[in-house]
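Student: Can you keep this structure in mind? I'll have questions shortly.
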Amino acid sequence: MKILFASPEIVPFAKTGGLADVSGALPKALEKLGEDVTVIMPKYRTVDDKKFGLEYTGKNIQVPISNRIEEAKIYKGYINSGARGKGQGASKDIPIYFIDKKEYYDRQYLYGTPQGDYPDNAERFIYFDRAILETCKTIGLKPDIIHCNDWQTGMVPVYLKTLYKDDLFFKDTSTLFTVHNLGYQGLFWHLDMHLTNLGWDIFSPDGIEFYGKMNILKGGLVYSDAITTVSKTYSQEIQTKEYGCGLDGVLRKRKDDLYGVINGIDYEEWNPATDKYLSAKYLKENLSGKWDCKKDLLNIYGLKASKEVPVLSVISRLADQKGFDLIAEIMDDLMKLDVQFILLGTGEDKYHKLFEDIGKKYPSKAGIKIGFDNALSHKIEAGADMFLMSSRYEPCGLNQLYSLKYGTIPIVRGTGGLNDTIENYNPVRRNGNGFKFTEYSSMTLLSTIKTALDLYRDKSEWNRLMINAMGEDFSWNHSAKEYVELYRKVINKRIKNKF
Ligand code: ADP
Ligand code: GLC
């Protein structure tokens with residue numbers, strides 16, 4: 001199958017969260033299964049030509065936006081898939097195209113500053129979506145399926161079913177739309193409709209209208225041929241009022257085309273036995289290097305390392321989704337216990353302040369770093385003892401999966417993908433891989449942490465739990481196959497509907 005994978009962020013080119021990790025890893029896994037994958041994203045400031053060996057294709061696209069035509073350049077690079085070329089023993093590369101439109105994408109951040117979103121995000125991503133289709137035509141790529149990811153690609157399915165409906169170039173192109181986070185919808189006021197070049201007829205409750213506004217994510221949900229989200233539990237949750245962010249009705253309507261496929265992780269990037277960022281490597285058969293990693297980490301945070309004092313850690317976007325109100329409520333009680341707390345995060349200003357204050361209040365027990373730092377995130381996964389995710393909702397979550405591999409025991413709220421990947425440790429049967437609570441309350445969080453701290457004191461039990469965690473396999477192998485099956489299903493359905 002010819003697959004075009006479209007995403008607003010992709011590792012290693014640009015990243016704000018897990019979507020970038022998924023978008024970097026899934027195309028590689030698909031290619032390994034023998035599929036023909038091409039990738040496309042905007043050319044942000046971080047997408048450096050030299051660093052990534054990109055080249056200008058010499059081709060430009062003319063993209064209508066409102067009553068203007070705006071030109072962009074198409075750049076090309078490669079992602080090394082690690083797959084073997086046919087009989088040549090060479091690595092196979094995946095082509096990746098970049099839409100180079102400086103006015104839109106050459107900025108310090110991808111979507112907005114800590115103070116809020118860029119005011120022209122509607123224009124930036126409506127443009128991107130139409131540019132994807134125009135790029136296909138310009139480079140002569142006729143995908144069997146376009147796999148779209150999150151609201152920033154939501155107009156692709158809309159355009160294919162409207163403006164490009166009779167375009168023979170796309171007569172065999174289907175779409176799959178993946179929701180990584182229903183909380184971000186691309187909501188804009190109705191007067192931005194002119195940017196789409198579509199008629200007001202699609203600004204209806206059956207189209208992209210949403211309580212008087214334009215909702216680009218809804219476009220993806222309504223017009224795509226099938227929808228996936230990144231865990232089974234989340235695919236169920238989003239059909240309820242509590243988790244549906246106002247779109248539960250739309251999702252229930254499409255429930256027969258809605259699937260949950262759990263994310264995998266890239267063990268080439270996240271593996272304590274090979275991780276280039278660590279001061280020492282380790283395996284589940286020999287954990288001694290983990291203590292070195294702990295000392296290295298606490299040294300960076302200016303804290304004292306002790307084998308007896310567990311380090312509880314957080315790496316996160318600082319957003320309401322992640323449940324920081326619960327952590328804030330228990331902080332004083334937590335700091336009375338024999339534990340250290342480490343955080344790396346960036347996001348909303350209110351959380352920057354909250355955690356900086358905690359750092360000042362407990363200088364010998366809490367280490368806080370506000371910022372985005374990939375190398376440090378690897379050191380935390382390796383050097384900490386426990387990893388905390390008390391999310392209000394969590395479509396999949398990747399950090400609990402990285403934590404498992406690094407023997408850093410996840411303490412999670414059982415929602416979405418956290419529910420599907422973490423099982424409570426059972427000391428009698430000695431199975432399970434972490435600690436999980438359900439009720440969204442600070443008391444439940446604190447008591448779950450206390451259960452974990454109790455077990456930590458029993459070194460042999462804790463060792464058992466670490467080995468269970470490190471033995472888990474959340475590689476892409478399985479999930480990539482599920483995507484391939486789905487692509488096939490969607491394409492076949494389209495062919496059937498034609499006759
Ligand atoms: P989400 O996509 O909702 O942010 P995930 O758990 O799926 O949550 O993925 C988060 C990804 O972003 C992980 O790879 C995590 O390590 C990374 N990350 C988040 N915040 C930071 C940060 N401040 N510095 C470095 N990496 C971060
Ligand atoms: C989103 C979700 C997160 C998920 C990631 C990748 O950002 O918040 O739970 O792991 O996308 O799918």
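The values are calculated or read from the model by the stated rules, or taken from the named source; none is laboratory data. Small disclaimer: the values here were computed from a predicted structure and weren't measured. A quick note on method: Cβ atoms are made from the backbone with ideal geometry, for glycine too, and the neighbour counts reach across all protein chains shown. Surface accessibility is based on the protein's heavy atoms, side chains included, excluding ligands, DNA and RNA. Shrake-Rupley method; radii C 1.70, N 1.55, O 1.52, S 1.80 Å.
Student: Got a number for the accessible area of His190? Probe 1.4 Å, square angstrom, nearest 10.
Tutor: Roll a 1.4 Å probe over it and His190 shows about 70 Å².
Student: Relative to the longest principal axis of the C-alpha atoms of the chain, give the angle of the C-alpha long axis of helix 476-498, reported between 0 and 90° and rounded to the nearest 10°.
Tutor: 20
Student: Please compute the length gained on full extension between Asn477 and Asn431, using 0.36 nm multiplied by the number of residues separating them and subtracting their Cα-Cα distance.
Tutor: Details: separation 46, 0.36 × 46 = 16.56 nm, distance 2.37 nm.
In short, 14.2 nm is gained.
Student: Ordering Thr229, Thr138 by accessible area with a probe of 1.4 Å, largest first, what comes out? Before the final figure, lay out each step's value.
Tutor: Values: Thr229 0, Thr138 50 Å².
Listed by decreasing accessible area, they come as Thr138, Thr229.
Student: Continuing with the same structure: Separation between the Asn80 and Glu242 pseudo-spin-labels, each 7 Å from Cα along Cα→Cβ, expressed in nm?
Tutor: About 4.7 nm, to one decimal.
Student: Working from Cα positions, state the angle (0 to 90°, nearest 10) between the long axis of helix 18-32 and the longest principal axis of the chain.
Tutor: 70
Student: Compute the distance from the alpha-carbon center of the range 254-272 to that of the range 346-417, in whole Å.
Tutor: 21
Student: Taking the Cβ-Cβ separation of Asp338 and Leu191 as r and a Förster radius of 41 Å, what is the calculated FRET efficiency to the nearest 0.05? Please list the in-between numbers first.
Tutor: Values: r = 57 Å, r/R0 = 1.40.
According to the calculation, E is roughly 0.10.
Student: Relative contact order of the range 11-138: what whole-number percent is it, with Cα pairs under 8 angstrom and at least 6 residues apart?
Tutor: On the way: 187 pairs, mean separation 33.5, N = 128.
Reported relative contact order: 26 percent.
Student: Among the GluC sites (Glu not before Pro) in the range 153-246, which ones are in a DSSP loop with at most 13 other Cβ atoms within 10 Å of the Cβ? Mind listing them? Mind dumping the intermediate values first?
Tutor: Numbers: sites: Glu209, Glu237, Glu242; in loops: Glu242.
Sites meeting the loop and neighbour criteria: Glu242.
Student: I'd like the FRET efficiency for Gln108 and Asp320, computed as 1/(1 + (r/R0)^6) with the beta carbon distance as r and R0 of 25 Å, rounded to 0.05.
Tutor: Details: r = 23 Å, r/R0 = 0.93.
That gives a FRET efficiency of 0.60.
Student: Please report the spacing between the Cα centers of the range 1-72 and the range 137-179 in Å, no decimals.
Tutor: Cα centres, the range 1-72 to the range 137-179: 15 Å.
Student: Here is a follow-up. Measure nothing fancy, just the Cα-based angle from helix 324-335's long axis to the longest principal axis of the chain, in degrees from 0 to 90, nearest 10.
Tutor: 10
Student: Another question, then. Hey, what do the phi angles of the range 415-427 turn into as Karplus ³J(HN,Hα) couplings, whole Hz, using 6.51/-1.76/1.60 and θ = phi - 60°, x for Gly and Pro?
Tutor: Listing the rounded values in order: 10, x, x, 5, 5, 7, 10, 10, 10, 4, 5, 10, x Hz.
Student: Quick one: compute the contact order of the range 288-474, relative version, from alpha carbon pairs under 8 angstrom and 6+ residues apart, as a percent. Walk me through the numbers before you get to the answer.
Tutor: Details: 329 pairs, mean separation 38.8, N = 187.
Result for the range 288-474 is 21 percent.
Student: Expressed in nm to one decimal, what extension gain is obtained for the pair Ser364 and Lys255 from 0.36 nm per residue of sequence separation less their Cα-Cα distance?
Tutor: Numbers: separation 109, 0.36 × 109 = 39.24 nm, distance 5.09 nm.
Computed gain between Ser364 and Lys255 is 34.1 nm.
Student: Straight-line reach from Lys459: which aspartates and glutamates have Cα under 16 Å away, leaving out those fewer than 8 places along the same chain?
Tutor: Glu285, Glu308, Asp338, Asp385
Student: Can you compute the helix-only [θ] at 222 nm over the chain? Use -39500 (n - 2.57) per DSSP H run of at least 4 residues, normalise by all residues, nearest 500 deg cm²/dmol. It would help to have the intermediate numbers written out before the result.
Tutor: Values: 17 runs with 181 residues, N = 499.
When only DSSP H runs of four or more count, the value is -11000 deg cm²/dmol.
Student: Which trypsin sites (Lys or Arg not before Pro) does the range 152-197 hold that lie in a coil by DSSP with at most 16 other beta carbons within 10 Å? Present the calculation step by step, with values, prior to reporting the outcome.
Tutor: Working: sites: Lys161, Lys165, Lys171; in loops: Lys165, Lys171.
Passing sites in the range 152-197 are Lys165, Lys171.
Student: Say a paramagnetic label sat at a point 7 Å from the Cα of Ser447, along Cα to Cβ; which residues of the range 394-416 have their backbone N under 20 Å from it?
Tutor: Counting backbone N atoms under 20 Å from the label point, the list is 411-415.
Student: Moving on. Using alpha carbons only, what's the Rg to Rh ratio of the range 288-474 with Rh from Kirkwood? Show your work: numbers first, answer last.
Tutor: On the way: Rg = 15.0 Å, Rh = 16.2 Å.
With Rg and the Kirkwood Rh in hand, the quotient comes to 0.92.
Student: Given labels modelled 7 Å from the Cα in the Cβ direction, how far is it in nm from Lys50 to Ser306?
Tutor: Each label point is offset 7 Å from its Cα along the Cβ direction, giving 4.9 nm.
Student: While we're looking at this one, here's another question. Extending each Cα 7 Å along its Cβ direction at Lys459 and Arg488, get the distance between those two points in nm, one decimal.
Tutor: 5.2
Student: Rounded to a whole number of µm²/s, how large is the Stokes-Einstein D of the chain at 4 °C and 1.567 mPa s, given Rh as the Kirkwood radius over C-alpha pairs? Mind dumping the intermediate values first?
Tutor: Details: Rh = 23.7 Å.
Once the numbers are plugged in, D ends up at 55 µm²/s.
Student: Zone of Leu287 (label point 7 Å along Cα→Cβ, backbone N under 16 Å): which residues in the range 231-272?
Tutor: Backbone N within reach: 272.
Student: Hey, if you put +1 on the Cβ of every Lys and Arg and -1 on every Asp and Glu Cβ in the range 220-345, which of Leu343, Leu318, Leu287 ends up farthest toward the positive end of that dipole?
Tutor: Going by the Cα projections, it comes out as Leu287.
Student: Would you please give the FRET efficiency between Asp93 and Asp373, computed as 1/(1 + (r/R0)^6) with r the Cβ-Cβ distance and R0 = 51 Å, to the nearest 0.05? Walk me through the intermediate numbers first.
Tutor: On the way: r = 29 Å, r/R0 = 0.56.
Using R0 = 51 Å, I get an efficiency of 0.95.
Student: From the protein chains alone at 1.4 Å, what is the descending order of accessible area for Ile370, Ile146, largest first?
Tutor: Details: Ile370 60, Ile146 0 Å².
The residues order as Ile370, Ile146, largest area first.
Student: Let me ask another. Which of the trypsin sites (Lys or Arg not before Pro) across the range 424-499 are loop residues per DSSP, with 16 or fewer other Cβ within 10 Å? Please list the in-between numbers first.
Tutor: Working: sites: Arg429, Arg430, Lys436, Lys450, Arg457, Lys459, Arg464, Lys481, Arg488, Lys489, Lys493, Arg494, Lys496, Lys498; in loops: Arg429, Arg430.
Sites meeting the loop and neighbour criteria: Arg429, Arg430.
Student: List every residue whose amide H lies under 5 Å from the amide H of Ala384, counting only residues 5 or more places away in sequence or on a different chain, with H placed 1.01 Å from N in the peptide plane.
Tutor: Sorted by chain and number, the residues that satisfy this come to none at all.
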